[in-house]
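This report refers to the structure that appears directly beneath it.
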Amino acid sequence: MKYLIMVSHGRFAEGVKTSLEMFAGDANDRVFALCLHNGKSADDFKKDVEDFLDKQNFKDDDEFIVLADIIGGSPLTTFLNVFSARGYLDRAVVLGGMNFTMALTATVSMDAMDKESLAKTALSEASAAISQYQVPSASDDDDDDI
């Protein structure tokens, strides 16, 4: 089975998880959000990660997609240190620069792709979703009336 674990500063991952519930509620039992909340230390977060992993019943053949807000940030590095010590890191792909499109793609595609293909697709979809919105001008509407 595959699991999606989102890691972030603040409540970002929690917000993404809440939004995912609107689109992929049935897969949400395999989606987790771990956040380094404001005012907490990396040591506090390490304890949170340890507690989270202690409560899970991951199997030897489970795989993981880990999304992080920032590669190299303390939430991700702390998470990966604990995750690695538990022997899970070799069964994971880790992506940074998390956005909603990346998380949604990973969530809805977990069962359809291997973790490497899933990572490639999630990165591609996340990149494609980043663009500047162009506000239509009033003259654009006038052309339609001719």
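The values are calculated or read from the model by the stated rules, or taken from the named source; none is laboratory data. Being a predicted model, the structure only gives us computed values, none of them experimental. Using ideal geometry, Cβ is built from the backbone for each residue, glycine included, and neighbour counts are taken over all protein chains shown. For accessibility, only protein heavy atoms count, side chains too; no ligands or nucleic acids. Shrake-Rupley method; radii C 1.70, N 1.55, O 1.52, S 1.80 Å.
Within region 6-30, take every residue that is open to solvent by 80 Å² or more (accessible area, probe 1.4 Å) and touching a residue at least 12 places away in the same chain (Cβ under 8 Å) and give me the one that is nearest to the chain's Cα centre (by Cα).
Step by step, filter region 6-30, then rank; the result is PHE12.
Can you give me the number of residues within region 100-118 that are touching a residue at least 60 places away in the same chain (Cβ under 8 Å) and not β-branched (Val, Ile, Thr)?
Residues meeting the conditions: 8.
How about region 4-34: which of its residues are of a type in the set (Phe, Trp, Tyr) and either within 15 Å of THR105 (Cβ to Cβ) or in contact with a Pro (Cβ under 8 Å, 6 or more places away or on another chain) (or both)?
The answer is PHE23, and nothing else.
Could you tell me how many of the residues in region 74-100 are part of a loop (DSSP other than H, G, I, E, B) and either of a type in the set (Val, Ile, Thr) or over 14 Å from VAL49 (Cβ atoms) (or both)?
4
Give the number of residues within region 107-135 that are farther than 17 Å from ARG30 by Cα, assigned to a helix (DSSP H, G or I) and not hydrophobic (A, V, I, L, M, F, W, C).
7
Residues are listed down the side, and each one gets a yes or a no for (1) open to solvent by less than 10 Å² (accessible area, probe 1.4 Å); (2) in contact with a Pro (Cβ under 8 Å, 6 or more places away or on another chain); (3) at pLDDT 95 or above:
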residue: HIS37; (1), (2), (3): no, no, yes
residue: LYS47; (1), (2), (3): no, no, yes
residue: GLU50; (1), (2), (3): no, no, yes
residue: ASN57; (1), (2), (3): no, no, no
residue: ILE65; (1), (2), (3): yes, no, yes
residue: THR77; (1), (2), (3): no, no, yes
residue: LEU80; (1), (2), (3): no, no, yes
residue: SER84; (1), (2), (3): no, no, yes
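Anything in region 86-99 that is open to solvent by 50 Å² or more (accessible area, probe 1.4 Å) and in contact with a Phe, Trp or Tyr (Cβ under 6 Å, 6 or more places away or on another chain)? List them, or say none.
LEU89
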